[in-house]
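Take a look at the structure below.
Nothing in this text is a laboratory measurement; each read-out follows from the coordinates by a stated rule. The structure displayed is predicted, hence computed values, not measured ones. Positions of Cβ are generated from backbone atoms using ideal geometry, with glycine treated the same way; all protein chains shown enter the neighbour counts.
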Amino acid sequence: MASEDSSPAVAADEPDPLVEREVHDVRVVIDRDLCVGFGDCVTEAPDAFDLDDEGVAVFTTPEASIKSCLLDACASCPVDAITVFEDGVAIIP
Ligand code: SF4
């Protein structure tokens, strides 16, 4: 019987593109357990983030957002739910 879930399968060893992206030479990770859905990131970078059906942040098309906007959006999170890594080092928060 076919699955009703139409979302693309994500291999166990690959990051979930809804919560982790390599974009603009940085790696950005959303901690959905910390996110409280205030939407500041969506306001700052509407191309990059959206709130899902649960009211929690996910990535949409962060590559469409200019880097400064994306970084501003990550830094705007009031609960530090978005971490930005450059060369393996967290630069935000
Ligand atoms: S700014 Fe932070 S808390 Fe608000 S929706 Fe984005 S990730 Fe969630």
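Below is a table of values for the structure above.
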| item | result |
| --- | --- |
| Search result, residues across the stretch 26-51 that are assigned to a loop (DSSP other than H, G, I, E, B) and either crowded, with 18+ Cβ neighbours inside 10 Å or more than 6 Å from the ligand (Cβ to nearest atom) (or both) | Asp31, Arg32, Asp33, Leu34, Cys35, Ala45, Pro46, Asp47, Ala48 |
| Matching residues, the stretch 52-93, being among the small types (Gly, Ala, Ser), within 12 Å of the ligand (Cβ to nearest atom) and in a loop (DSSP other than H, G, I, E, B) | Gly55, Ser76, Ala81 |
